[in-house]
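S.K.: Here you go, one structure.
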Amino acid sequence: MSPPSDSLPPPPDSPLRNRSFLGLVLTQLLGCINDNVFKWLSVCYAMGTGRIGSDTALVLGAACFTIPYLLLAPFSGSLADRYSKRVVIVACKVAEVVIMALAILALVLGNLTFLYFLVFLIGAQSALFAPSKYGAIPEMLPPPLLTAGNGWMGLVTVCGSALGMIGGYSLYGVVTPSLGGGLSPWELWPVIVALIGMAVAGTATAIMIEPLVAASPTRPLEIDPFSHTLPALRTLARETKLFRTALGIGFFWFLASLAQLNADPLGKEWLHLPQQSVGMLMAVLVLGLGGGSLLAGKWSEGKVELGIVPIGALGVVISSVLVYLTGRFVTADAPATHQVMFYLCAASLCLLGASAGLFDVPLESYLQHRTDPRLRGMILAATNFVVFLGILLSAAVFFVLKAVLGISPGAIFALAGLGTIPILIYALRLMPEITARFVFWLASHTVYRLQVVGRENIPERGGALIVANHVSWVDGILMLTSSSRFVRFLVYADYVRNPLLTGLAKVMHVIPIKASEGPRSIVMALKTAKEAVANGELVCIFAEGALTRTGQLQPFQRGLMKIVEGTNAPVIPAYLHGLWGSVFSFAGGKFFWKWPKHWPYRVAVHFGKPMPQPDDVSQVRLAVEQLGVDAVKSDKPYSPIPAVRFVQQCRETGKRIKVADSLGQEVSGTMLLLRTIIARRILERTTFAPDEQNIGILLPPSTGGCIANMAVSLSKRVAVNLNYTLSDDTLNYCIRTAGIKHILTSRQFLDRRPFKPEGAEFVFLDDLKDKVTKMDKAVAGLMAYALPTGIVTRMLGLHSVDPDETLSIIFTSGSTGEPKGVMLSHHNVASNIDAVDQLLHLEITDGLMGILPFFHSFGYTASMWLPLCFEPKGVYHFNPLDAKTIGKLVEKHKATILMSTPTFLKSYIKRVEPSQFASLDMVVVGAEKLPTDLAHQFHEKFKVMPSEGYGTTELSPVAAVNIPDHRSSEVQQKGTKLGTVGRPLPGVAAKVIDPDTGADLGVNREGLLLIKGPNVMKGYLQQPDKTAAVIRDGWYVTGDFAKLDDEGFIEITGRQSRFSKIGGEMVPHILLEEHLTRLTEDPSDEDAELRLAVTAVSDPNRGERLIVLHKPLKKPVPEVLKELSAMGLPNLWLPSADCFFEVERIPLLGTGKLDLKGIKDLAIARTQAS
């Protein structure tokens, strides 16, 4: 069968969805039932006639059924290779119909010899069928489904055996032959229906199998069992690992056959069961075997997991002894079903079956997966010879132990268990590292719910280096258990030398490394790792060199490149997701000593595409970072939407103050939820049309603004916070574009900012209180105080919200033109606040001072949703320039976090007392570049260094941020670098490209900044062309120029629109503004507003001309230009004196950002007037 092409769809996630495999499974089930019904009916008939003893009848039946497997092993293998396996399978099923017809004749005649001969024939039919059925599995299923497929085959085989045994005993009980003669046809009708009916049905299911290509059409048929069995066995013996596997499979069938033979005397002699009930013991044993087979498939997770084998062997030892210990206490004084020990014995039999399934399935999968397809028939035939030699040997052993030595059935089980101990010891000695890996798997899966993505990217053979991020103490265990192959790790040397871990480190073949021991030690460790990769092994390195203490991806050490250098081995990037926050991570500032947030903890390991020859370590780091993007996106179905988090957080907050504002409002968590639900009910009942989706909100940051936004979100509608600093015409443009029919506002606000909407009507929150009914209060009270949050969210319909649906539309500031409606999804906002919480380590004692308006994406996401979905309190004031009121609010509410813009910080430096900001321990600024001197001034006064972040409305909005450094005696990790906007958020990737060619520029080169992550917007409202222009293959084109440094920090060097091309050279406006601001700054000036801005107008000679708009200066312009020239700037960068224009104030947007369009328009007007 030809391998599938790359263009084919991915394989199904269940082997039973494959039509051919389903047909094979049904064929195997029906055939197995029929074979065993006939065999056990024949054995019971033989015992019932009294012509031979019971033990002899059992052994003779087993021998007649098994011997054909030994005699026909070479022939069956060559048959499976030479012809299509489907043809062989169908032919065998037709032969089964004929044999079953002859069996009816033998029963009518009462001829015992003929009956046992037919048992021999049905054994021969099964022997011819076996290599084809097992050889067909890897031709039908892809490797990831092999273990699951074998689990199903094992399940139906053992279930068929059990059902066949029960059926054989039951049919015998129905037809009950006379001891001296045969059976009448009337007495045989159940047998005819059962045997011939199942044979015909099995033939029909075999026809379901699609045609299979012959593996070796020219191979001759090997009829002589003696001359061809030895070559097949030699072929098997040459493959040492496969030979050991075959011996293991043979041992399993030895035990299975011995248990089957022993079940009859165990039931009758030890457990005192009637003859017709003995088959139930086999059913219990087989039930466990089926469960163990399926469990092995589940535990293997799409890979061949040999580490399960010793676990199964240990289970066989324990359960076999338990059968003996429990069964010996069942007495004949009372019915067995009335005795506790009987049920304990049955449970032990079930455990024995399950353990046997765990032992066998991985071996069967390994044999099929590792066998050369050209030799598969021969190898499987040789394996079948070993298997059925073991089955035949089990019949002989049973006869000697039972009939000759007189050993009890329970003791036979105990001896079988004790005989498994050497097998267990051998397995542990043979593959200790694989066993240890599986033990780790069991332990880790008890704590974590692990998802592995991209396992197919790990090469099945050959060396490779896995490079992963490092989040927790269990990263190595999770990486080890996620790989389909054994992995060696570079590990901190002190752990390896720990007496408690030395033995384990030796078993796992770890490579110790310790930087403090000098270059020689590092070189030796890297050399060992390189040799391992060159020898075809998998090696894993956590390239950050230490566990992250900040939650961010740290710089990668360059040593990883030395490992793959000259080996031609690929680098496999890997990303561990979801571990930050677990007890084994440094979340909360400590390892271990914290309660887990969830159990089991949902985590994921993502493996990326192999990187054949990466250019440098930064390329590998970017690949790992991009896997983090994929990880967060794949976590989307399990991440609650913001509205659900709001409900949960309000309930958890209870009576504690959740939001407060400068109007004197202080509202607890449950009261906030109560008011929100009431507002939602009234608006749904009186205002919103069923098909009305976008709801306008015209309110400042306040408690009322929060309630309005939450009510809209709980209504599963889209909040559109309108920018009240825009002109009326622009506001109405936004209303028309979004199709807004209702605008939530208050009369008090409209008194301050009068506005007449076009095509929409106001809904005054002030009026809602008069519409509250008793039912509103009762329902909201139940939902806010009494009902479980899960029920509340379902009552609100939030469980049905798609995370990709739009949560909000935020119009851009219009700083470069007409505002665009940015559509942010629930997942956009949820992922952004998750990442910020991860980095800021928000706690219940925190309070966030919200001064940014909710129409600003920073204010909407960080100032509103962040505190409403997490533990901090939110405190709001509507005027970010009202420094004195903000100072009082911070002092009163002990706010610890302030989110602002650099422009507003200038006002706070001048007007806020240090004691008022004493509680602040974090200040995050964005929207514009943070001047270094401003950061130092703020730190000098308030003892808090502002952290600059970066984002845009299209990025929900945060993409990168500086966070506090981590310093300890063991580890120092940088979180802040002045002059940069920090590193990307967890789950966000950044890269710099050439703006002309689109080529990646790597690190330390200036280019156009692109951002990728779950925070990238859905798109622009009704503007697909503009959306396509800025989102390319998932990357958002920011329009900003930047550099990425070696440590992953982003330095914004300018905006595409804030460069002028003068004389062929790009001149940055922002850099000129920084220099001019320093030269013209007056420390004694109390005015905190922006003093100047640089823009450009067209120039016929040089393309563009720089223009400086400024407020009154303390220095004359020629003096400023002289000092600017002395700073060593190129002459092209220097504006002429006639390009300085004094203005009353610099145009700003309501967010504090420069109004770039307003500045340009003003510059054009002034130059034309001059």
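S.K.: Gly1128: over 28 Å from Thr980 (Cβ atoms) and outside any strand (DSSP E or B), yes or no?
M.R.: Numbers: over 28 Å from Thr980 (Cβ atoms): no; outside any strand (DSSP E or B): yes.
Judged against the criteria, Gly1128 is not a match.
S.K.: Go through region 671-712 and give me each residue that's of a type in the set (Gly, Ala, Ser) and in a helix (DSSP H, G or I). Step through it out loud before you land on a result.
M.R.: Pass one, region 671-712, residues of a type in the set (Gly, Ala, Ser): 679, 689, 696, 702, 704-705, 708, 711.
Answer for region 671-712, where residues must be of a type in the set (Gly, Ala, Ser) and in a helix (DSSP H, G or I): Ala679, Gly704, Gly705, Ala708, Ala711.
S.K.: Identify, by number, the condition in (1) closer than 21 Å to Met849 by Cβ; (2) in contact with a Lys or Arg (Cβ under 6 Å, 6 or more places away or on another chain) that Thr703 doesn't meet.
M.R.: All conditions are met except number (2).
S.K.: I'd like the residue in region 405-440 that is in a helix (DSSP H, G or I) and among the hydroxyl-bearing types (Ser, Thr, Tyr) and, out of all such residues, is nearest to Phe251 (Cα to Cα). Talk me through it step by step, then tell me what you get.
M.R.: Keep residues of region 405-440 that are in a helix (DSSP H, G or I), which gives 409-430, 432-440.
Still in the list and also among the hydroxyl-bearing types (Ser, Thr, Tyr): 420, 426, 435.
Details: Thr420: 9, Tyr426: 13, Thr435: 19 Å.
Of everything passing the filter in region 405-440, Thr420 is nearest to Phe251 (Cα to Cα).
S.K.: Related question: Go through (1) in contact (Cβ under 8 Å) with a residue 24 or more places away in the chain; (2) within 18 Å of Ser126 (Cα to Cα) for Ala204 and report which single condition fails.
M.R.: Of the numbered conditions (1) in contact (Cβ under 8 Å) with a residue 24 or more places away in the chain; (2) within 18 Å of Ser126 (Cα to Cα), the odd one out for Ala204 is (1).
S.K.: So, one more: So Asp1161 clears everything in (1) under 54 Å from the mean Cα position of the chain (by Cα); (2) surrounded by fewer than 18 Cβ atoms within 10 Å (Cβ to Cβ); (3) not in a helix (DSSP H, G or I) except one condition, right? Which one?
M.R.: (3)
S.K.: From the list Ile851, Ile844, pick out the single residue that is in contact with an Asp or Glu (Cβ under 8 Å, 6 or more places away or on another chain) and over 14 Å from Val988 (Cβ atoms). Steps first, answer last, please.
M.R.: Working: Ile851 fails: in contact with an Asp or Glu (Cβ under 8 Å, 6 or more places away or on another chain).
The conditions single out Ile844.
S.K.: Quick check: anything in region 1001-1010 under 22 Å from Ser831 (Cβ atoms) and touching a residue at least 60 places away in the same chain (Cβ under 8 Å)? If you could, list the steps in order and put the result at the bottom.
M.R.: If we filter region 1001-1010 for residues that are under 22 Å from Ser831 (Cβ atoms), which is where we start, we get 1009-1010.
Now drop any that are not touching a residue at least 60 places away in the same chain (Cβ under 8 Å), which leaves none.
The answer is no, given that none of the residues of region 1001-1010 is under 22 Å from Ser831 (Cβ atoms) and touching a residue at least 60 places away in the same chain (Cβ under 8 Å).
S.K.: If you scan region 1136-1158, which residues turn out to be surrounded by 16 or more Cβ atoms within 10 Å (Cβ to Cβ), out of contact with any Ser or Thr (no Cβ under 9 Å at 6 or more places or on another chain) and farther than 27 Å from Ser857 by Cα? Break it down stepwise before answering.
M.R.: In the first step, residues of region 1136-1158 are kept if they are surrounded by 16 or more Cβ atoms within 10 Å (Cβ to Cβ); the result is 1139-1141, 1143, 1146-1158.
Narrowing the set further to residues that are out of contact with any Ser or Thr (no Cβ under 9 Å at 6 or more places or on another chain) leaves 1140, 1143, 1146-1147.
Listed by number, the residues that qualify are Phe1140, Val1143.
S.K.: Select from region 1043-1058 the residues that are touching a residue at least 60 places away in the same chain (Cβ under 8 Å) and among the small types (Gly, Ala, Ser) and list them in ascending order.
M.R.: As a first pass, look at region 1043-1058 and keep what is touching a residue at least 60 places away in the same chain (Cβ under 8 Å): 1044-1052, 1056-1058.
Selection gives Gly1048, Ser1057.
S.K.: What are the residue pairs meeting all of these: first residue in region 340-356, first residue surrounded by 20 or more Cβ atoms within 10 Å (Cβ to Cβ), second residue in a helix (DSSP H, G or I) and of a type in the set (Phe, Trp, Tyr), Cβ atoms under 7 Å, and 6 or more apart or on different chains?
M.R.: Ala356/Phe252
Yes/no matrix, rows are residues, columns are (1) under 41 Å from the mean Cα position of the chain (by Cα); (2) in contact (Cβ under 8 Å) with a residue 40 or more places away in the chain; (3) not in a loop (DSSP other than H, G, I, E, B):
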site: Lys93; (1), (2), (3): no, yes, yes
site: Met100; (1), (2), (3): no, yes, yes
site: Ala106; (1), (2), (3): no, no, yes
site: Pro144; (1), (2), (3): yes, yes, yes
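S.K.: Hey, another quick one. Evaluate the following for Glu818: is it assigned to a loop (DSSP other than H, G, I, E, B) and within 32 Å of the chain's Cα centre (by Cα)?
M.R.: Details: assigned to a loop (DSSP other than H, G, I, E, B): yes; within 32 Å of the chain's Cα centre (by Cα): no.
So Glu818 does not fit the description; no.
S.K.: Still on this structure, please answer the following. Take the residues in region 370-380 that are in a helix (DSSP H, G or I) and in contact with an Asp or Glu (Cβ under 9 Å, 6 or more places away or on another chain); name whichever of them is surrounded by the most Cβ atoms within 10 Å (Cβ to Cβ). Explain how you work it out, then say what you get.
M.R.: So in region 370-380, the residues in a helix (DSSP H, G or I) come out as 370, 373-380.
Now drop any that are not in contact with an Asp or Glu (Cβ under 9 Å, 6 or more places away or on another chain), which leaves 370, 373-379.
Numbers: Arg370: 14, Pro373: 15, Arg374: 12, Leu375: 19, Arg376: 24, Gly377: 30, Met378: 28, Ile379: 26.
By that ranking, first place goes to Gly377.
S.K.: Still on this structure: Residues Asp1033, Asp1040, Asp1046: which one is within 29 Å of the chain's Cα centre (by Cα) and modelled with pLDDT under 90? Talk me through it step by step, then tell me what you get.
M.R.: Numbers: Asp1033 fails: modelled with pLDDT under 90; Asp1040 fails: within 29 Å of the chain's Cα centre (by Cα).
Result of the check over Asp1033, Asp1040, Asp1046: Asp1046.
S.K.: A further question follows. State all residues of region 814-872 that are of a type in the set (Lys, Arg) and closer than 27 Å to Asp882 by Cα; if no residue qualifies, say none. So that I can check it myself, show each step before the final result.
M.R.: First, pick out the residues of region 814-872 that are of a type in the set (Lys, Arg): 820.
Answer for region 814-872, where residues must be of a type in the set (Lys, Arg) and closer than 27 Å to Asp882 by Cα: there is none.
S.K.: Out of all the residues in region 726-761, which are out of contact with any Gly (no Cβ under 9 Å at 6 or more places or on another chain) and in a strand (DSSP E or B)?
M.R.: Correct list: Glu761 only.
S.K.: Let me ask another. Note down all Cβ pairs under 6 Å where the first residue falls in region 231-256 and is farther than 20 Å from Leu375 by Cα, the second is of a type in the set (Asp, Glu) and surrounded by 20 or more Cβ atoms within 10 Å (Cβ to Cβ), and they're at least six residues apart or on different chains.
M.R.: Phe252/Asp360
S.K.: Further, regarding this structure: Can you name the condition, by its number, that Tyr724 falls short on among (1) out of contact with any Lys or Arg (no Cβ under 6 Å at 6 or more places or on another chain); (2) on the phi < 0 side of the Ramachandran plot; (3) of a type outside the set (A, V, I, L, M, F, W, C)?
M.R.: Of everything listed in (1) out of contact with any Lys or Arg (no Cβ under 6 Å at 6 or more places or on another chain); (2) on the phi < 0 side of the Ramachandran plot; (3) of a type outside the set (A, V, I, L, M, F, W, C), Tyr724 misses just condition (1).
S.K.: What are the pairs, 6+ residues apart or on separate chains, where a residue within region 576-588 that is assigned by TED's automatic domain parsing to the domain that holds Leu547 has its Cβ under 6 Å from a residue that is part of a helix (DSSP H, G or I)?
M.R.: Every condition considered, the pairs that remain are Leu576/Asp475; His577/Ala631; Trp580/Ala587; Trp580/Gln838; Gly581/Ala587.
S.K.: Cβ contacts < 6 Å: first residue touching a residue at least 24 places away in the same chain (Cβ under 8 Å), restricted to region 757-770; second residue in a loop (DSSP other than H, G, I, E, B), any location; separation 6+ or different chain. Result?
M.R.: Final answer for the pair search is Ala760/Ile740; Ala760/Lys741; Val763/Thr687; Leu765/Ser746.
S.K.: Right, next: Being aliphatic (A, V, I, L, M) and either part of a loop (DSSP other than H, G, I, E, B) or modelled with pLDDT under 95 (or both) is the filter here, so list the residues in region 634-661 that pass it.
M.R.: Within region 634-661, Ile641 is the sole residue that qualifies.
The values are calculated or read from the model by the stated rules, or taken from the named source; none is laboratory data. Since we're looking at a predicted model, the values are computed, not measured. With ideal geometry, Cβ positions are generated from the backbone for all residues, glycine too; neighbour counts draw on all protein chains shown.
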